[in-house]
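Reviewing the structure listed below.
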Amino acid sequence: METGSPGATGETRGEGHGEPLWTGLPRDLLRMRRLLLVVWLAPLTLAAGLLPGLLAGPGWAAFALLPLGLLLWGWGMLGRNWASWRYAERADDLLISRGVLWREETIVPYGRMQLVEVTSGPVARHFGLASVQLHTAAAASDALIPGLEPAEAERLRDRLTELGQARSAGL
């Protein structure tokens, strides 16, 4: 199932009933991760099939089924993982929810944020993606929102920084 998490398209979800407005991650993040999976496992699949097949006989080419199975399993798991990520901006804090088997929800109060970074490596930049990293006084409570569109990442950084300054100043 690749439809995304509730609110992945920016839809409201129970806004009037105290539920936060969840936002999912862009589909380009899923495309990037799947491409990386194929880039790593397709050559391994070919090598695992061709080398034993040519050197030891055609029956040994069945070794290609191992990385091929891993590729197919990883394809589905990446979709499930992508669909599990979401975040919500509330009045006093930011919620980040993720996880397929073990659900993890991080709540970062705006007043506790010390630094908000936007980063984008070469592959992420190629796909037009950036990540927002939130740093707090407690190292264990640092939070990450991966794979956002750069404009959304910058907007989120600016808003979180502004809210963090206002909350830490007691406004």
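The values are calculated or read from the model by the stated rules, or taken from the named source; none is laboratory data. Predicted, not measured: the structure shown is a model, and the values here were computed from it. Cβ sites come from the backbone with ideal geometry, for glycine too, and all protein chains shown count toward neighbours. These accessible areas exclude ligands, DNA and RNA; they are computed on the full protein's heavy atoms, side chains included. Shrake-Rupley method; radii C 1.70, N 1.55, O 1.52, S 1.80 Å.
Observations on the structure shown:
- Here each label is just a point 7 Å from Cα along the line to Cβ, and for R159 and Q114 those points are 2.5 nm apart.
- Helix 65-84 axis, angle to the chain major axis (alpha carbon atoms, nearest 10°): 10 degrees
- Taking all protein chains as they are arranged and a probe of 1.4 Å, the heavy atoms of D92 leave approximately 100 Å² accessible to solvent.
- Given 15 as the ceiling on other Cβ atoms within 10 Å, longest exposed-site-free region of the chain for trypsin sites (Lys or Arg not before Pro) in DSSP loops: 14-89
- Helix axis angle, 27-56 relative to the chain longest principal axis, alpha carbon, degrees: 20 degrees
- Distant-in-sequence amide H partners of W22 (H built 1.01 Å from N, under 5 Å): R13
- A simple spin-label model places the labels of R90 and Q133 2.6 nm from each other, with each point 7 Å out along Cα-to-Cβ.
- The smallest convex shape that holds all Cα atoms of the stretch 18-119, its convex hull, gives 130 Å³ per residue.
- 13 Å reach of a label modelled at D142, 7 Å along Cα-to-Cβ, counting backbone N of the stretch 83-97: none
- Longest site-free stretch - the chain; sites: GluC sites (Glu not before Pro), DSSP loop, at most 16 other Cβ within 10 Å: 12-171
- Summarising the overall dimensions of the stretch 95-171 from its C-alpha atoms, the Rg and Dmax are 13.2, 41 angstrom.
- Accessible surface for the stretch 27-70, divided over its residues, is 66 Å² per residue with a 1.4 Å probe.
- Descending semi-axes in whole angstrom, ellipsoid equivalent of the chain, from the Cα gyration tensor: 40, 17, 13
- Estimated inter-spin distance, L72 and L44, nm [label 7 Å along Cα→Cβ]: 1.7 nm
- Computed [θ] at 222 nm, deg cm²/dmol, the chain (DSSP H ≥ 4; -39,500 (n - 2.57); rounded to nearest 500): -14500 deg cm²/dmol
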